[in-house]
Amino acid sequence: MRKIDLCLSSEGAEVILATSSDEKHPPENMIDGNPETFWTTTGMFPQEFIICFHKHVRIERLVIQSYFVRTLRIEKSTSKEPVDFEPWIERDLVHTEGQLQNEEIMVSYTL
């Protein structure tokens with residue numbers, strides 16, 4: 001069975017909120033599928049974003065690539081509107097001094 005990256009704009013995912021934006025590196029870069037683009041933030045903490053799937057999806061694996069992230073907190077909501085979030089995953093990430101942080105999280109959840 002072919003695995004599909006459901007967190008791509010081409011699959012219908014949409015960034016509906018981001019607490020920071022840079023015109024050269026907007027939040028939409030997170031879901032464009034291009035490994036050469038990225039979202040950059042102002043450096044203020046914490047930073048948040050909401051990705052909406054617009055349909056029920058089964059999540060089996062999360063891959064997070066970042067720089068200088070101390071704690072990753074993921075919340076989930078099954079509401080049609082971006083409300084009623086509940087804690088799902090929280091991890092302290094290893095500081096890598098300017099090196100790319102690759103975090104792979106195996107899960108099994110249907111939203």
* Structure fact -> Within the under-13-Å Cβ sphere about ASN34, not counting ASN34, Lys/Arg +1 and Asp/Glu -1 give a net charge of -4
* Over all directions, what mean area does the Cα convex hull of segment 9-106 project, stated in square nanometres? -> 6.7
* Specify, per residue and in Å³, the volume enclosed by the convex hull of the alpha carbon atoms belonging to segment 28-83. => 124
* Asked: Considering only protein heavy atoms and a 1.4 Å probe, what is the carbon-and-sulfur percentage of the accessible area of the chain?
  -> 51
* **Mean separation of Cα contacts under 8 Å (6+ apart) over length of segment 9-106, as relative contact order %** => 24
* Using alpha carbons only, what's the Rg to Rh ratio of segment 55-111 with Rh from Kirkwood? -> 1.03
* Which of the lysines could a cross-linker bridge to LYS55, judged by Cα under 21 Å and excluding same-chain residues fewer than eight apart? -> LYS3, LYS76, LYS80
* For segment 1-57, Kirkwood radius (reciprocal of mean inverse C-alpha pair distance, Å) -> 12.2
* Structure fact -> Taking a probe of 1.4 Å and leaving out DNA, RNA and ligands, segment 1-107 shows per residue an accessible area in Å² of 77
* What size of dipole, in debye to the nearest 20, comes out for segment 9-106 about its Cα centre when the only charges are +1 on Lys and Arg C-beta atoms and -1 on Asp and Glu C-beta atoms? -> 180
* Structure fact -> Checking segment 1-98 for GluC sites (Glu not before Pro) in a loop per DSSP with at most 14 other beta-carbon atoms within 10 Å yields GLU23, GLU36, GLU48, GLU97
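The values are calculated or read from the model by the stated rules, or taken from the named source; none is laboratory data. Keep in mind it's a predicted model, so treat the numbers as computed, not measured. Reconstructed Cβ throughout: ideal geometry from the backbone, glycine too, with neighbour counts over all protein chains shown. Side chains included, ligands, DNA and RNA excluded: accessible areas come from the protein's heavy atoms. Shrake-Rupley method; radii C 1.70, N 1.55, O 1.52, S 1.80 Å.
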